[in-house]
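Shown next, in structure tokens, is the structure this report addresses.
The values are calculated or read from the model by the stated rules, or taken from the named source; none is laboratory data. Predicted, not measured: the structure shown is a model, and the values here were computed from it. Glycine gets a Cβ as well: all are built from the backbone with ideal geometry, and neighbour counts include every protein chain shown. These area figures cover heavy atoms from the full protein model, side chains too; ligands, DNA and RNA do not enter into them. Shrake-Rupley method; radii C 1.70, N 1.55, O 1.52, S 1.80 Å.
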Amino acid sequence: MIDSGDYTKVVHAGVKPEEMTGAIMTPIFQTSTYVQTAPNEHKGWDYSRAGNPTRDALEEAFAALEDVNYGLAFASGLAAEQAVIQLLDSGDEVIVCDDVYGGTGRLFRQLFAKYGIVFKFVDMTNYGQVEAALSDKTKMIWVETPTNPLLKVIDIQKMSQYAKDKKALLVVDNTFSSPIFQSPHKLGADIVLHSTTKYIGGHSDIIGGAVMVSDEHLYEKIKFVQFAAGATPGPIESFLLLRSIKTLAVRMAKHEENALQVASFLEAHPKVDSVFYPGLESHPQYDLAKSQMSGFSGMVSFNLKGDYTDVLNFLDKLTIFELAESLGGVESLVNHPEKMTHASVPEALRQELGIGPNLLRLSIGIEDGNDLVEALGKALD
Ligand code: P1T
């Protein structure tokens, strides 16, 4: 259920009429630099990597979406993640949930591990594994919930307690829920992160990332990385995201309605082996999902019965759903995690997690739910 206040919040987040003309939409300030009246005397902007009025409005909108004090915009979700990891020093340890987006694991294992940051991947639905991984060097706990692609639900409050005990930071990648269905900051997260390429962008036409925090000191540190390393979005992307945010609540309501319909249909279908959707009562963390999320969002994964040839035949026959990476757009997509988004996950871990040849992940769009079910039904039959 969407909080009715969210419909109003997203329409107005970050946007004020422009001062000179009264334009209701924030203009695209397509400029790299700003004229100064004397050295270091200017109107608050000196160079667009450091700040740009269109991006400023977007960052205010990000803060409003997660109900925190500060938002920071990045050129991609991974750029946002990189800025957060740069808070750490060599020797620091991060506990990461085992089922994360393939690119997140790749960033940690293949780029940051060589600087001496230690990443421990554990199943965070199993507290024994988390407790065994905690040490005095734990500086960060990294949660993605629901997870990508298996839709496990991780208890944010519980992870926040572990983080507090170690004086570590709790980071929550809130991409799959969107700010509409989950507020990690209220549950104890220090840093909330999004790939805005997904639901926040919503139209499969932008790559972007966001970091949201309330602590001023933390904000200043991440803002320094944003400025010093420079992975910022341009004004056009910022404008498009501001426009997208206005429809976030109405889009999420339809994504969820359709996803529930599709997940229930798949669960009852004889050619489907298992369905992963936090909104199904059969989901192992259904009660937790109900308590920490206000809706179950639009991602559904499932295992098809049969072998890989059956999977290829299914994909060949499937209409409406396009075979593509990414998620959260208005159009429905189907993804094969093992060969696409999660191909970089070490094979042994993929097998252990259950990301195999028969697993498919659906990003449920905002088309008519009956049309989606009919397309899936025909391909299955
Ligand atoms: O692609 P980018 O904007 O850099 O975002 C990375 C990212 C971060 N976090 C989560 C939970 C994600 O799902 C992603 C990107 N995911 C896909 C491209 C995908 O198809 O799963």
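Full extension of the chain between Glu216 and Asp89 yields a length gain of 43.7 nm, computed as 0.36 nm times the residue separation minus the alpha carbon distance.
Using 0.36 nm per residue and subtracting the Cα-Cα separation, the extra length available between Ala268 and Lys339 on full extension is 22.9 nm. Here the spin labels are modelled as points 7 Å beyond Cα on the Cα-Cβ line, and at Phe224 and Ser294 they lie 3.6 nm apart.
Annotation: per residue accessible area for the stretch 248-380 equals 41 Å², rounded to a whole number [probe 1.4 Å, protein chains only]. P(r) for the stretch 204-261, from all Cα pairs and a bin width of 10 Å, is 18, 34, 32, 14, 2 %, short bins first. Between Asp287 and Lys164, the FRET efficiency estimated from the beta carbon spacing at R0 = 30 angstrom works out to 0.80.
Reported to the nearest whole Å, the Cα centre-to-centre distance from the stretch 357-381 to the stretch 1-57 is 40. If you find the alpha carbon centre of the stretch 140-162 and of the stretch 248-303, how far apart are they in angstrom? The two parts, judged by their Cα centres, are 17 Å apart. Paramagnetic label reach from Glu331 (point 7 Å along Cα→Cβ; backbone nitrogen cut-off under 15 Å): within the stretch 231-268, no residues. The angle between the Cα long axis of helix 235-245 and the longest principal axis of the Cα atoms of the chain comes to about 50 degrees, rounded to the nearest 10.
Of all aspartates and glutamates in the structure, the ones whose alpha carbon falls short of 16 Å from that of Lys167, not counting any fewer than 8 places away in one chain, are Asp89, Asp92, Glu93, Glu131, Asp136, Asp190, Asp215. Could you compute the longest span of the chain free of trypsin sites (Lys or Arg not before Pro) located in DSSP loops and having at most 10 other Cβ atoms within 10 Å, not counting the site residues? The longest such stretch corresponds to 168-381. Comparing Gln82, Gln292, Gln30 in a Gaussian network model of the chain (Cα springs below 10 Å), the most mobile by mean-square fluctuation is Gln30. Taking the Cα centre of the chain as origin and assigning +1 to Lys and Arg Cβ atoms and -1 to Asp and Glu Cβ atoms, the resulting dipole is close to 540 debye.
Extent of the chain along its three principal axes (Cα atoms, max minus min coordinate, largest first): 73, 51, 34 Å. Rounded to the nearest 20, the size of the Cβ-charge dipole of the stretch 248-380 about its Cα centre is 80 debye, with Lys and Arg at +1 and Asp and Glu at -1.
What does the helix-only formula give at 222 nm for the chain: each DSSP H stretch with n ≥ 4 adding -39500 (n - 2.57), the total divided by the residues, and the result rounded to the nearest 500 deg cm²/dmol? Value at 222 nm, helices only: -10500 deg cm²/dmol. Taking the longest Cα principal axis of the chain as reference, the axis of helix 369-380 is set at about 50 degrees.
Springs between Cα atoms under 10 Å define the GNM used for the chain, and in it the highest mean-square fluctuation of Ala57, Ala132, Ala13 occurs at Ala132.
Pick from Ala343, Ala289, Ala83: which residue has the top mean-square fluctuation in a GNM of the chain where Cα pairs under 10 Å get a spring? Looking only at Ala343, Ala289, Ala83, the biggest GNM fluctuation is shown by Ala343. Looking at the stretch 8-245, the accessible area is 42 square angstrom per residue; that uses a 1.4 Å probe and ignores ligands, DNA and RNA. What do you get for the angle between helix 216-229 and the principal long axis of the chain? Use alpha-carbon atoms, 0 to 90 degrees, nearest ten. Approximately 90 degrees, to the nearest ten. Taking max minus min of the alpha-carbon positions on each principal axis, the stretch 311-380 gives extents of 38, 24, 16 Å, largest first. A DSSP coil position with no more than 15 other Cβ atoms inside 10 Å describes the following GluC sites (Glu not before Pro) in the stretch 4-76: Glu18, Glu19. Stretching the chain fully between Ala132 and Thr33 yields a gain of 30.6 nm (0.36 nm per residue, less the alpha carbon separation). For the stretch 8-245, the relative contact order comes to 25 percent (Cα pairs under 8 Å, sequence separation of at least 6).
Counting charges near Thr197 (Lys, Arg +1; Asp, Glu -1) among other residues having Cβ under 13 Å from its Cβ returns a value of -4. The value of relative contact order for the stretch 248-380, using C-alpha pairs under 8 Å at least six residues apart, is 30 percent. Expressed as a whole percentage, what fraction of the accessible surface of the chain belongs to carbon and sulfur atoms when a 1.4 Å probe is rolled over the protein heavy atoms? Summing carbon and sulfur atoms, their accessible area is 53 percent of the total for the chain.
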